[in-house]
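The values are calculated or read from the model by the stated rules, or taken from the named source; none is laboratory data. All values reported here derive from a predicted model rather than from experimental measurement. All Cβ positions, glycine included, derive from the backbone under ideal geometry; neighbour counts span all protein chains shown. Accessible surface is based on the protein model in full, side chains and every heavy atom, while ligands, DNA and RNA are left aside. Shrake-Rupley method; radii C 1.70, N 1.55, O 1.52, S 1.80 Å.
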Amino acid sequence: MMIGMGDIYKVVVAVTPLYVALILGYGSVKWWKMFTREQCDAINKFVCYFTLPLFTFEFSSHVDPLQWNFKFLAADAISKVIIAIVLVAWAKGCRNGCYTWLITSFSLSTLTNSLVVGVPMLKAMYGDLGVDIVVQSTVFQGIVWFSILLLVLEFHKANDASSADVDSRIVRDLERNDNTVSVTAIPRPSFWSMMKIVWVKLILNPNVLASVIGITWGFISNRWHVKMPSIIEGSVLIMAKAGIGSAMFGMGLFTALQEKILACGASLTLFGLVLRFVAGPAAMAIGCFVVGLHGDVLRIAIIQAALPQAIASFIYAKEYGLHADVLSTA
């Protein structure tokens, strides 16, 4: 498990260009005043809907699902189950436990920015094996774990909406000076209507769509030895090559638009970092031990679990109003 100086040098070489792009994005707003907030939003939409999905498609389309490392995927699932059990126990048993923080803590501990940061870093350290494991993790995360996260967020949103309806009805009764305030039961949305919303969001999510289409093509290509037409591959590559750089540039833009770098304060930032870089890798190590992973695959599994926070987690947190400031710092 020891990482030598050569590995550290490879990581620095691979990761430095990423942070050059991030610093350029940060400086273009904070120091050089090149972009307005509206222009930054436009750039982020370009990244979200074009370069990053095509980058995701490019990698996932070259993976053979029949050759996936299912031991690694099992270890990944076990690690997430362990974290979920611990967080549920904390939310139920501790005075300060809270289900909204359960959702945020799960995101911080388990969902990583594996494709943007993981691909260049692990390719430098472990070659094609590192890339294959990272892509498998990304596709599985996009299709399975983000689906579960969206489902939980929609349930939380529905509960908040129902509570708000009750509160507004009580206020209206009080404003009419009614001495007796009656609150009638307000029917909650059905399970299938929150599932419908989740599936619509997933279908419209460009990265999830890119993962599904990419892995489908990967299966067809490897099963029946069909090659992608060069005109399509070239059209994908010309945008996909900008995926990592533009994504990091966009992260720099977002950071520059905040009033302060640590938007949630030092204590919550430290809390997020511990979950991201300690709890997540520790749970993955347990999962790897359970399924018997060893060698380079074990090392890759633990390293990819310690990658920075997934961009999509922050996007969802911002959309649902759930601790986006904390997720932005991890």
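Among 133-143, 198-208, the peptide with the highest mean count of other Cβ atoms within 10 Å heads the list, and the full ranking is 133-143, 198-208. Just the protein heavy atoms count here, and of the accessible area of the chain at 1.4 Å, carbon and sulfur take up 68 percent. Among the trypsin sites (Lys or Arg not before Pro) within segment 64-136, those in coil by DSSP and having at most 16 neighbouring Cβ atoms inside 10 Å are Arg95. Taking the C-alpha atoms only, the angle from helix 99-110 to the longest principal axis of the chain is near 0 degrees. Once the 1.4 Å probe is applied to the protein heavy atoms, the chain comes out at 53 Å² accessible per residue.
Karplus-derived 3J(HN,Hα) values for segment 303-311, using 6.51 cos²θ - 1.76 cosθ + 1.60 with θ = phi - 60°, are 5, 5, 6, 9, 6, x, 4, 5, 4 Hz; glycine and proline are entered as x.
Among Thr104, Thr56, Thr36, the residue with the largest mean-square fluctuation in a Gaussian network model of the chain, with springs joining Cα atoms closer than 10 Å, is Thr36.
The distance from the alpha carbon centre of segment 57-100 to that of segment 139-157 is 11 Å, rounded to a whole number.
Computed over the chain, relative contact order equals 38 percent, with contacts defined as Cα pairs under 8 Å that lie 6+ residues apart.
Using 0.36 nm per residue and subtracting the Cα-Cα separation, the extra length available between Ile238 and Ala89 on full extension is 48.8 nm. Based on the reciprocal of the average 1/r between different C-alpha atoms, the Kirkwood radius for segment 241-328 equals 14.9 Å. The heavy atoms of Asp41 offer some 80 square angstrom of accessible surface to a 1.4 angstrom probe. In whole angstrom, how far apart do the alpha carbon centroids of segment 8-33 and segment 223-291 sit? Rounded to whole Å, the Cα centres lie 15 Å apart. Pairing the Cα long axis of helix 280-291 with the longest principal axis of the chain, what angle in degrees results, from 0 to 90 and rounded to the nearest 10? Here the helix axis deviates by roughly 70 degrees. Counting 0.36 nm for each residue step from Ala77 to Ile43 and taking away their Cα separation leaves a gain of 8.8 nm. Decide, for the chain, between rounded, prolate and oblate: order the square roots of the alpha carbon gyration tensor eigenvalues as a ≥ b ≥ c, take rounded if a/c falls under 1.5, and otherwise choose prolate if a/b is larger than b/c, else oblate. Because a/c hits 1.5 or more and a/b exceeds b/c, the chain counts as prolate. Among His156, His225, His294, the largest mean-square fluctuation in a Gaussian network model of the chain (Cα springs under 10 Å) belongs to His225. For segment 1-158, the Kirkwood estimate of hydrodynamic radius, built from reciprocal distances between every pair of different alpha carbons, is 18.5 Å. Assuming a ≥ b ≥ c are the square roots of the Cα gyration tensor eigenvalues, decide whether segment 104-154 counts as rounded (a/c under 1.5), prolate (otherwise, with a/b larger than b/c) or oblate. Prolate. Put simply, the amide H of Gln309, placed in the peptide plane, has neighbours under 5 Å in Asn113, leaving out anything fewer than 5 places away on its chain. A Cβ-based charge dipole, computed about the Cα centre of the chain with Lys and Arg at +1 and Asp and Glu at -1, lands at about 120 debye.
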